[in-house]
Amino acid sequence: MMNVQLIGNTYAIEPDILKHIENVNFLQNDTATITTAAKQCYNKEFDYKEFFKKYTENKEANELFIKRIAESGHTSILEHASATFLITGVSRSLTHQLVRHRIASYTQQSQRYVDMEDFKFVTPPSILKCNNEAVLTEYNYIMNRIEKSYKFLVSELIKSGRTEQQAREDARFVLPNATETQIVMTMNYRELGDFLGKRMCKRAQWEIRAMATEIFNIMSKQSPAIFGKESIYRGPKCKNLGYCNEHKSCGLTLKYIRPVKAIEEPKRKTWLQRLKDVFSI
């Protein structure tokens, strides 16, 4: 079963700063870090201790400042804060998609060092809920057959002179995308917002969309000034843009008007009719 945990967030651990702060909760004050970094742009001399003290004690002002700057398009300041997640119970199929988001750090469970005998696997809901019971039976049969093949290969490769690690290293080639894995991911807030915008979209694959939604729910509580329904990053990218820029819209948000004019007449009628059905217009 998928599980997402926030195991690290932006911290300020400079001991000297502690003397100036009465509320030690500032250690998790990501908005103070972002505001301090941004404000030094406008000052000839920069005393980070004084700045941090000032901006830690006025969280609401920080949040308004960050929102105003970010909404002007200057989202680079959000890169000064980051979050680290431990993600378990997901498939290798999901992590293959996840690592396409480049500006991030990943550390994944190794199939070279971890014995994958009796491996767990993820089953898509469409297979679990299929009316034809033979579909789930076939799926489980294939997984069990792969497990037996993996054990056989490891055993025979060891007999042929390979070390246990080397045997696992080669036997893992038969393991499926469904194999359950775990991964630690660290992203700065700007990249995280971009990730959520893309992967919370209804056109995203179901598993990574579920994971992105869980991360969004966590960050909405952790950093509500930056992640949330009324914040900088509101979830799916259509919520941030105010329109859908996907070629095939789900209809959740009105599509940007200019692409509509470029659509051929028959397709435009179909698309406009779909909007009427969704929004009752």
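Coordinate-derived values only; no laboratory data. Since we're looking at a predicted model, the values are computed, not measured. FYI the Cβ positions are ideal-geometry reconstructions off the backbone, even for glycines, and counts take in every protein chain you see.
General observations
- For the stretch 196-232, backbone nitrogen atoms closer than 20 Å to the point 7 Å from GLN97 Cα along Cα-to-C-beta are found at 196-219.
- Gyration tensor verdict on the stretch 115-178 (Cα atoms; rounded if a/c is under 1.5, prolate if a/b is larger than b/c, oblate otherwise): prolate
- Approximate spin-label separation SER126-LYS248, in nm, with each point projected 7 Å along Cα-to-Cβ: 1.1
- Exposure proxy for ARG112, ARG209: other Cβ atoms within 10 Å of each Cβ, ordered fewest to most, give ARG112, ARG209.
- On the beta carbon distance between GLU230 and GLN205, with R0 = 25 Å, the FRET formula returns roughly 0.35.
- Phi-based couplings in Hz for the stretch 155-168 (Karplus 6.51, -1.76, 1.60; Gly and Pro marked x): 4, 5, 5, 5, 4, 7, x, 6, 6, 4, 5, 5, 5, 5
- Distance between the 7 Å Cα→Cβ label points at ARG68 and LYS148: 6.9 nm.
- Pairs with C-alpha atoms separated by more than 30 Å, drawn from the list LYS39/LYS237; LYS129/LYS202; LYS151/LYS202; LYS59/LYS239, are LYS151/LYS202.
- Rounded if a/c under 1.5, otherwise prolate or oblate - the stretch 129-212, Cα gyration tensor axes: oblate
- Here is the list for the stretch 109-145: chymotrypsin sites (Phe, Trp or Tyr not before Pro) lying in DSSP coil, each with at most 15 other C-beta atoms within 10 angstrom of its C-beta, are TYR113.
- Whole-Å distance, taken between Cα centres, linking the stretch 68-93 and the stretch 226-250: 15
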